[in-house]
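Report on the following structure.
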Amino acid sequence: MKQIRIAMVEDNARLRKSLAALIDVEDCMACVGSFGSGEEAMEKMGALMPDVVVMDIHLPGMTGIECVCHLRKQLKAVKFLMLTAYEEDADVFQSILAGAHGYLLKHTEPDRLIAAIREVANGESPMSGSVARRLMDHYRVTQATPTTGAEPPQALTTREQEIVELLAQNLMYKEIASKLNVSFATVRTHVEHIYQKLHVRSRAEAVSIFQQR
């Protein structure tokens, strides 16, 4: 069986070390590189020629989604498995659009993670159960929502408008929290309210509707 060459991009050094150890004890798997930022991965990944890249989303500087977009241009045969603590609709959809082949949450059991890496290498698209349900729910809502006569969007508060404007600048939640001097959880709550009021399920949709109004 051909060895699966794996690289990872994760800013948590302890988690990087644990994942590398988990991978290296598996037959026909090898961790060929690990990076703490998207910028470092962009600089060094090309020489490694991995088969699968395990990618965090919320990285310092360049996001994991942005990194996937760039790396796909350099490494056309590489497959990407997103491994993140978050299951925001926007993160899921943007990851898929960027070219991710799978999406797992960090609390995934080690055996399932190893199986998912093999699946990605074989051309499959593994996803955590909750993520798959969100995609199915989104599809059902999209198919069931009439194109006319829908309930109009509700007005946003001043704070919610500020957050949408920052979302339009492609700032991540932690960056918005820092800019507005509020907690990460507060930003997430505001974004949930924004999505509910505008009847959307992603950042791009929220920004589009807000700008149209």
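Long-range amide H contacts for residue 82: which residues qualify at under 5 Å (H placed 1.01 Å from N, peptide plane, sequence gap of 5 or more or a different chain)?
Hits under the 5 Å cutoff: 55, 101, 102, 103, 104.
Please give the contour-minus-distance gain from residue 189 to residue 28: 0.36 nm per residue of separation, less the Cα-Cα distance, rounded to one decimal in nm.
53.6 nm
Sorted from largest down, what three extents in whole angstroms do the Cα atoms of the stretch 158-212 have along their principal axes?
27, 19, 19
Expressed in nm², what is the orientationally averaged projection area of the convex hull enclosing the Cα positions of the chain?
With the hull built on Cα positions only, its mean projection is 12.7 nm².
Taking 0.36 nm per residue of sequence separation and subtracting the Cα-Cα distance, how much length would be gained by fully extending the chain between residue 211 and residue 2, in nm to one decimal?
70.2 nm is the gain from fully extending residue 211 to residue 2.
For 173, 86, which order do you get if you count the other beta carbons within 10 Å of each Cβ and list the fewest first?
Going from sparsest to densest Cβ surroundings: 86, 173.
Want the number for residue 106 to residue 76: 0.36 nm per residue separation, take away the alpha-carbon distance, what's left?
On the way: separation 30, 0.36 × 30 = 10.80 nm, distance 2.58 nm.
Extra length from residue 106 to residue 76 when fully extended: 8.2 nm.
With the crude spin-label approximation of a point 7 Å out along Cα→Cβ, what separation in nm comes out for residue 179 versus residue 14?
With each label point 7 Å from Cα toward Cβ, the separation is 3.1 nm.
Output ³J(HN,Hα) for the stretch 155-164: one whole-Hz value per residue in order, computed from phi by the Karplus curve 6.51 cos²θ - 1.76 cosθ + 1.60 with θ = phi - 60°, and x for Gly and Pro.
Going residue by residue, I get 5, 8, 6, 4, 5, 5, 5, 4, 5, 4 Hz, with x marking Gly and Pro.
Give the lysines whose C-alpha is closer than 28 Å to that of residue 76, dropping any in the same chain fewer than 8 places away, or say none.
2, 17, 44, 106
Which value in deg cm²/dmol, rounded to the nearest 500, describes the helix-derived mean residue ellipticity at 222 nm for the chain, given -39,500 (n - 2.57) per DSSP H run of n ≥ 4 and division by the residue count? Intermediate values should be presented prior to the final figure.
Values: 10 runs with 112 residues, N = 213.
Helix contribution divided over all residues of the chain: -16000 deg cm²/dmol.
Out of the DSSP beta bridges found with both residues in the chain, what percent are antiparallel (nearest 5)?
0 percent
Residue by residue through the stretch 59-66, which ³J(HN,Hα) values in whole Hz follow from phi under the Karplus form 6.51 cos²θ - 1.76 cosθ + 1.60 (θ = phi - 60°), with glycine and proline marked x?
For the stretch 59-66, the Karplus curve yields 10, x, x, 4, 6, x, 5, 5 Hz.
Which residues in the stretch 61-88 place their backbone N less than 14 Å from a point set 7 Å from the Cα of residue 125 along the Cα-to-Cβ direction?
What the label zone holds, given the 14 Å backbone N cut-off, is 80-82.
Coordinate-derived values only; no laboratory data. Being a predicted model, the structure only gives us computed values, none of them experimental. Neighbour counts are summed over all protein chains in view; Cβ atoms, including those assigned to glycine, are modelled from backbone coordinates with ideal geometry.
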